[in-house]
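Right, one structure below, let's go through it.
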Amino acid sequence: MKCWAGLALLWLGSLQAAIIHHQVDLTDGEHQQIRIETRVELPAGSSEWTMAVWAPGSYLLREFSRQIESLEAVDDAGQPLQLEKLGKNRWRIQAPERGAVHLRYRIHAAELSVRTSWLDPEFALLNPASLFLYPSAHPQWPHEVELLLPPGWAGSHADLQRLGEDRYRAENYDQLVDNPLVAGRELAVSDFAVAGVPLKLVTTGDLRYWDNEQAAMALQQLVRVAADFWGGQPYPHYSFINLLVESGGGLEHNNNTVIMGSRFAQRTRKGWVRWLELAAHELFHAWNVRRLRPASLKTYDYQRENYTRELWFAEGFTSYYQSLLTHRAGLSTEKELLARLAARIRSLEHTPGQRVQSLADASFDAWIKYYRPDAHSQNSRVSYYTRGAVVALLLDARLRQQGRISLDDFMRAVWQRFHATGYRSQDLYALLAEMAGDAQADWLRQQVEQPTELDYSPLRTAYGLELVRTPKAVEPPQLPAAWLDLQLRKDSLVLEKVRKGSSLWRAGLLPGDEIIALDGYRLHPHNWKKRLKAYRPAETLPITFARRDRLYTRAVELEAAPLEKWKLEPVDKPKRAVRKRLQAWLTGS
């Protein structure tokens, strides 16, 4: 018996040491086909294999297994093994008596986003959650990834242990999923450091108009400010993986981020600041959401939704700080910062859904709503990014005016208390009450739990900033022109959306209706704006539209043009204490 027990322990030890090897062939970029062979030694008998259905940081079941083609299981000699599909992303494989299991399959990598995988003749972005199967019972086993690159490609990068040229090791499945890989014909790599911590900017795509060294110097300033804000850096190293692909978006990871932008981002001031703010947002996530997580996201379940009510804090507050830290790093002007914040307020106030859905509900329902917008979304939903950022702005003003703490202080206190354990909304309210009093905590709770109207007066009393709405400039002696909230599909008169409360809404028009005529006269995509100038607000006219090819006519009341520009402007002659608070907020002092 003792002998058998010893053998069993030896077998268990060898099982724990098993390594899952993935060979990833990227040579068929013309057809966007990634060929994968996964090999691992398993004990004889059946084992279950699975694939993730979502990628952390992007809260939607993306069903990555739908891209798998021609899956087969063979032994070392290439002989077929029994393979049975159990569900959308689960398989059972019968392992041989001796040797390894080999899984062979293809992935069609044609979705260019920060959370999926892409391959073409120029570059590849590999998000492991969307590529690799693994034995369901052994997420703790290490993985080794070998990339086979096309001839002429410059190389590859991943923030994993490098085993050799284009070969990497992850200690477990969590680490594998948390580290995307990038490779390409062109790969610009700029190294820099902050407080002795090594950092990289790795850029691929069209590099003709991109200065990687200039961007790396700007990122160095951002990292310095973020590290000062939090009191240090939480990662041993960090990479900004930057794809210039005329797309957008970013996705955070523990030790890196993937961001997408335009090859011309450095050619315009607006594009440059937008790129910097995106980088600042994802960098801030290295603390807030990657290590400082809602308790419900402390451990990821890759097979189903991980519900949380705290995305308003994880994403919304991060969106607020992306603009503020970019300014504090000296990379945007005060005018640009205030314009960005005013634009968020304008976007929020043009969203009727903020009076329907609370921030907590928007967070919880991200899995079924945020990433699946439709024509009615603006009327029934609110973005936890946008409203969360505006709530953070107002909370910061309220706290600074009160004089006990700032939102900066609160964020650092949340980090100190909860980064090891995770937090719930109730924990945040309780800590805020402890630091700033019940009134501030009650205010935050109300803004998060209820779809309430926002009061912007704290921006004036705290900082001397007035929220100003000005009409679009009209040259005298022109008379006020009529306006209709026509949100149209491109180059058409088909309604893309109908905003709740608008005159079209009241007249009963629906998304998908095609506007044919106004006041008995035909409208065209190129002249409807000009035609409206002939009418005055409050006039009621017949509007003709087609719905499923049938013509209808309804009476519609023309509106006045909305106040186009929203600005945060300093008031005249603010008090000294107000000026001092404004500067403290802008500089983080």
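The values are calculated or read from the model by the stated rules, or taken from the named source; none is laboratory data. Not measured: the values here are computed from a predicted model. Cβ placement follows ideal geometry from the backbone for every residue including glycine, while neighbour counts extend to all protein chains displayed.
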Subset of the range 241-259 [more than 11 Å from the chain's Cα centre (by Cα) and of a type in the set (A, V, I, L, M, F, W, C)]
Ile241, Leu243, Leu244, Val245
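Go over the candidates Leu207, Leu201 one by one and state the one that is among the aliphatic types (A, V, I, L, M) and within 26 Å of Ala129 (Cα to Cα).
Values: Leu207 fails: within 26 Å of Ala129 (Cα to Cα).
Among Leu207, Leu201, only Leu201 is among the aliphatic types (A, V, I, L, M) and within 26 Å of Ala129 (Cα to Cα).
In this structure, does Arg290 turn out to be among the charged types (D, E, K, R) and over 17 Å from the mean Cα position of the chain (by Cα)?
Details: among the charged types (D, E, K, R): yes; over 17 Å from the mean Cα position of the chain (by Cα): no.
In short, no.
Say whether the condition of being of a type in the set (D, E, K, R), closer than 18 Å to Arg115 by Cβ and at pLDDT 95 or above is met by at least one residue in the range 302-310.
Let us first name the residues in the range 302-310 that are of a type in the set (D, E, K, R), namely 304-305, 309-310.
Of the ones still in play, those that are also closer than 18 Å to Arg115 by Cβ are 304-305.
This time we only want the ones that are at pLDDT 95 or above, so: 304-305.
Yes, there is a match, as at least one residue in the range 302-310 is of a type in the set (D, E, K, R), closer than 18 Å to Arg115 by Cβ and at pLDDT 95 or above.
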Filter result for Glu315 (touching a residue at least 40 places away in the same chain (Cβ under 8 Å), surrounded by fewer than 18 Cβ atoms within 10 Å (Cβ to Cβ) and either over 20 Å from the mean Cα position of the chain (by Cα) or closer than 23 Å to Arg424 by Cβ (or both)):
no
Against the conditions (1) modelled with pLDDT of 95 or more; (2) buried (at least 17 other Cβ atoms within 10 Å of the Cβ); (3) touching a Phe, Trp or Tyr at 6+ places or on another chain (Cβ under 8 Å), where does Leu551 fall short? Just the number, please.
(2)
May I ask you to verify whether Tyr307 is closer than 19 Å to Ala392 by Cα and either outside any strand (DSSP E or B) or out of contact with any helix residue (DSSP H, G or I) (no Cβ under 7 Å at 6 or more places or on another chain) (or both)?
no
Go through the range 146-167 and give me each residue that's in a strand (DSSP E or B), over 26 Å from the mean Cα position of the chain (by Cα) and not charged (D, E, K, R).
Leu147, Leu148, Gly155, Gln161, Leu163, Gly164
Over the range 414-436, the set of residues in contact (Cβ under 8 Å) with a residue 24 or more places away in the chain and surrounded by fewer than 13 Cβ atoms within 10 Å (Cβ to Cβ) is Thr421
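Test of understanding: among Gln446, Gln426, which residue is of a type outside the set (Asp, Glu), assigned to a helix (DSSP H, G or I) and over 25 Å from the mean Cα position of the chain (by Cα)?
Values: Gln426 fails: over 25 Å from the mean Cα position of the chain (by Cα).
Within the list Gln446, Gln426, the selection yields Gln446.
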Six or more apart or on different chains, Cβ under 8 Å: which pairs go from a residue in the range 390-402 that's at negative phi and of a type in the set (A, V, I, L, M, F, W, C) to one that's at pLDDT 95 or above and not in a helix (DSSP H, G or I)? Could you list them?
Val390/Leu454; Val391/Leu454; Leu394/Leu454; Leu394/Asp455; Leu394/Tyr456; Leu399/Ile405; Leu399/Ser406
Total residues in the range 38-61, condition within 16 Å of Ala109 (Cα to Cα) and in a strand (DSSP E or B):
1
So, first residue under 18 Å from Pro139 (Cα atoms) and touching a residue at least 24 places away in the same chain (Cβ under 8 Å) in the range 47-65, second residue among the charged types (D, E, K, R) and part of a strand (DSSP E or B), Cβ within less than 6 Å, six or more apart or across chains; the pairs are Glu48/Arg92; Thr50/Arg90
Find all pairs meeting these conditions: Cβ atoms under 9 angstrom apart; at least six residues apart or on different chains; first residue within the range 30-44 and surrounded by fewer than 19 Cβ atoms within 10 Å (Cβ to Cβ); second residue assigned to a helix (DSSP H, G or I) and hydroxyl-bearing (Ser, Thr, Tyr).
Glu41/Ser14
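I'd like to check which strands (runs of 3 or more DSSP E) are fully inside the range 83-129 and have at least 2 residues that are crowded, with 16+ Cβ neighbours inside 10 Å, assigned by TED's automatic domain parsing to the domain that holds Glu171 and touching a strand residue (DSSP E or B) at 6+ places or on another chain (Cβ under 9 Å).
Working: elements: 83-87, 90-95, 100-108, 123-126.
The qualifying strands (runs of 3 or more DSSP E) are 90-95, 100-108, 123-126.
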Considering only residues that are in contact (Cβ under 8 Å) with a residue 60 or more places away in the chain and of a type in the set (Gly, Ala, Ser), look in the range 324-352 and name the one that is farthest from Val571 (Cα to Cα).
Ala329
Residues of the range 195-224 being farther than 15 Å from Leu244 by Cα, of a type in the set (Gly, Ala, Ser) and in contact (Cβ under 8 Å) with a residue 60 or more places away in the chain, which ones?
Ala218
Can you confirm whether Gln401 is more than 25 Å from Trp287 (Cα to Cα), crowded, with 20+ Cβ neighbours inside 10 Å and in contact with a helix residue (DSSP H, G or I) (Cβ under 8 Å, 6 or more places away or on another chain)?
no
